[in-house]
Amino acid sequence: MSGQLIGVVGPSGVGKDSIMYALADARPELSLVKRCITRAPELGGEDYDPVSDIAFEEMVRDDAFCLHWRAHDLRYGVPRSVVDDVKNGQDLLVNLSRSVLVEAQDKFDHFIVLNITASAETVRNRLQQRGRESEAEIEKRLTRLNFPLPQEVDPISICNNSTLKEAVDAALHALYPVNA
């Protein structure tokens, strides 16, 4: 039986990574996809494979990614092995860009979009606390809060304005309604 790819989307600061880690902790059958990112390793955040722009471009040429995109002056890649993992029955969570959702939907038979939202005030506070962006960069990211999802996808939307537990419980109920 085939697994499913759960693409988690939402603007920076809505809590995607926190929700993903908590979902994986709550459901042993869920695994996190480790992306390649052209971000310095010391900047932290999610667990990722840091690569240089040159190495990333070589990986694109070598067809190492099933999905890749550029956002906020960085490049992101999802390893090609994810395709086989899902075909072999694994359920995977991956932080995706809204710009690759239609492509992901076309590549994966069992693809779910989990759209995480939060208010501008909540997002501003989270971005300030994580300390990776300047105030100007935070303001720029806030302009993307209401960036629409492609019409071709039918997301599950979860608001993460309250506690992490509430958001995770809502996501579990939506993803696994019988067992949540």
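Values in this text are rule-based calculations from the coordinates and carry no lab data. Just so you know, these numbers come straight off a predicted model, no measurement behind them. Cβ: placed from backbone, ideal geometry, glycine included. Neighbour counts: every protein chain shown.
Could you please tell me the mean projected area of the C-alpha convex hull for the chain, averaged over all directions and given in square nanometres to one decimal?
Approximately 10.2 nm², given one-decimal rounding.
Within the chain, which is the longest segment that contains none of the GluC sites (Glu not before Pro) sitting in a DSSP loop with at most 16 other Cβ atoms within 10 Å?
With a cap of 16 other Cβ atoms within 10 Å, the longest stretch comes to 47-132.
Could you give the length gained by full extension between Asp73 and Ser2, i.e. 0.36 nm per residue of separation minus their alpha carbon distance, to one decimal place?
Full-extension gain reported as 22.1 nm.
Could you rank the peptides 7-13, 77-83 by their average count of other C-beta atoms within 10 Å per residue, with the highest value first?
Values: 7-13: 23.6, 77-83: 18.7.
In descending order of packing, they fall as 7-13, 77-83.
If a paramagnetic tag sat 7 Å from the Cα of Glu152 along the Cα-Cβ line, which residues of the stretch 57-93 would have the backbone N under 16 Å from that point?
Only 67-69 pass the distance filter.
Give the lysines reachable from Lys34 as a straight Cα distance under 18 Å; neighbours fewer than 8 places away on the same chain don't count.
Correct list for Lys34: Lys16, Lys87.
Rule-of-thumb check for the stretch 95-171: C-alpha Rg over 2.2 N^0.38 Å?
1.24
So if I take the centroid of the Cα atoms in the stretch 1-20 and the same for the stretch 99-153, what is the distance between those two points in Å?
The stretch 1-20 and the stretch 99-153 have Cα centres separated by 10 Å.
Between Ser157, Ser119, Ser134, which gets the highest mean-square fluctuation from a Gaussian network model of the chain, Cα cutoff 10 Å?
For the chain, modelled as a Gaussian network with Cα springs under 10 Å, the answer is Ser134.
With a cut-off of 8 Å between alpha carbons and a minimum separation of six or more residues, what is the relative contact order of the chain in percent?
31 percent
Given that compact globular proteins tend to follow 2.2 N^0.38 Å, what is the ratio of the alpha-carbon Rg of the stretch 28-67 to that value?
Normalised Cα radius of gyration, the stretch 28-67: 1.32.
In nm, give the distance between the simple-model label positions of Asn161 and Ser99, each being 7 Å from the Cα along the Cα-to-Cβ direction.
Here the modelled spin labels are 2.9 nm apart.
Going by a ≥ b ≥ c, the root eigenvalues of the Cα gyration tensor, does the stretch 63-134 fall in the rounded group (a/c under 1.5), the prolate group (a/b larger than b/c) or the oblate group?
Prolate.
For the chain, what does -39500 (n - 2.57) per DSSP helix run (n ≥ 4), summed and divided by total residues, give at 222 nm, in deg cm²/dmol to the nearest 500?
Calculated at 222 nm, the ellipticity per residue is -10500 deg cm²/dmol.
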